[in-house]
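Visitor: Shown below is the structure under consideration.
The values are calculated or read from the model by the stated rules, or taken from the named source; none is laboratory data. Nothing here was measured: the structure is a model prediction, and the numbers come from that model. So basically every Cβ, Gly included, is an ideal-geometry build from the backbone, and we count neighbours across all protein chains shown.
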Amino acid sequence: MSKKQTYLFLLAMGLLLVLVGHFMHIGYINRITNSTWTWMQSPYIFVPAAVCAFIFMNNKRYWMINTCAALIAALVIQFFVTKGTLILDVILIRAFAFLVVVYLLNLIKVILDK
């Protein structure tokens, strides 16, 4: 399976999960997708995610580095921007939004390269 096929398969599975959650009214999936969509549009998530996606583009451990960067960015936003407490759910949703932005930018790169 090529990299492009893998990325498109992951996109299809993610969209299928979102649609099933929406049409079957699964509250947890709807809450996660709505929160992820909101945070993806925030410059606190989008800008660092785009920078990390392009800086580490040709690194061997691309996803591991970006996952660590996502967790660090989520913690920094939680403690310094929103001045909140340690809430695991919120931090993981922000980190997930970061990784979704990185994934979408990498998908665009993979599609345009071939």
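Visitor: Looking at segment 18-31, is at least one residue loosely packed, with under 13 Cβ neighbours inside 10 Å, small (Gly, Ala, Ser) and part of a helix (DSSP H, G or I)?
Guide: yes
Visitor: I would also like to ask the following. Can you name the residue in segment 42-69 that is polar (S, T, N, Q), within 14 Å of PHE96 (Cβ to Cβ) and surrounded by fewer than 17 Cβ atoms within 10 Å (Cβ to Cβ) and is also modelled with the lowest pLDDT among such residues?
Guide: SER42
Visitor: Okay, next question. Which members of segment 70-114 meet the condition of being in contact with a helix residue (DSSP H, G or I) (Cβ under 7 Å, 6 or more places away or on another chain), closer than 20 Å to ASN59 by Cα and exposed (fewer than 13 other Cβ atoms within 10 Å of the Cβ)?
Guide: ILE111, LYS114
Visitor: Any residue at all in segment 77-94 that is under 11 Å from the mean Cα position of the chain (by Cα), assigned to a helix (DSSP H, G or I) and among the hydrophobic types (A, V, I, L, M, F, W, C)?
Guide: yes
Visitor: I'd like to verify a number: residues in segment 32-67 that are of a type in the set (S, T, N, Q), in a helix (DSSP H, G or I) and farther than 17 Å from ILE77 by Cβ, how many?
Guide: Total meeting the criteria: 2.
Visitor: Next question. Count, please, the residues in segment 4-17 that happen to be loosely packed, with under 13 Cβ neighbours inside 10 Å and not hydrophobic (A, V, I, L, M, F, W, C).
Guide: 2
Visitor: Of the residues in segment 30-58, how many are more than 15 Å from the chain's Cα centre (by Cα), among the hydrophobic types (A, V, I, L, M, F, W, C) and more than 15 Å from ASN106 (Cα to Cα)?
Guide: Qualifying residue count, segment 30-58: 0.
Visitor: What about TYR103, is it under 20 Å from LYS3 (Cα atoms) and either within 11 Å of the chain's Cα centre (by Cα) or of a type in the set (Lys, Arg) (or both)?
Guide: Spelling it out, TYR103 is indeed under 20 Å from LYS3 (Cα atoms) and either within 11 Å of the chain's Cα centre (by Cα) or of a type in the set (Lys, Arg) (or both).
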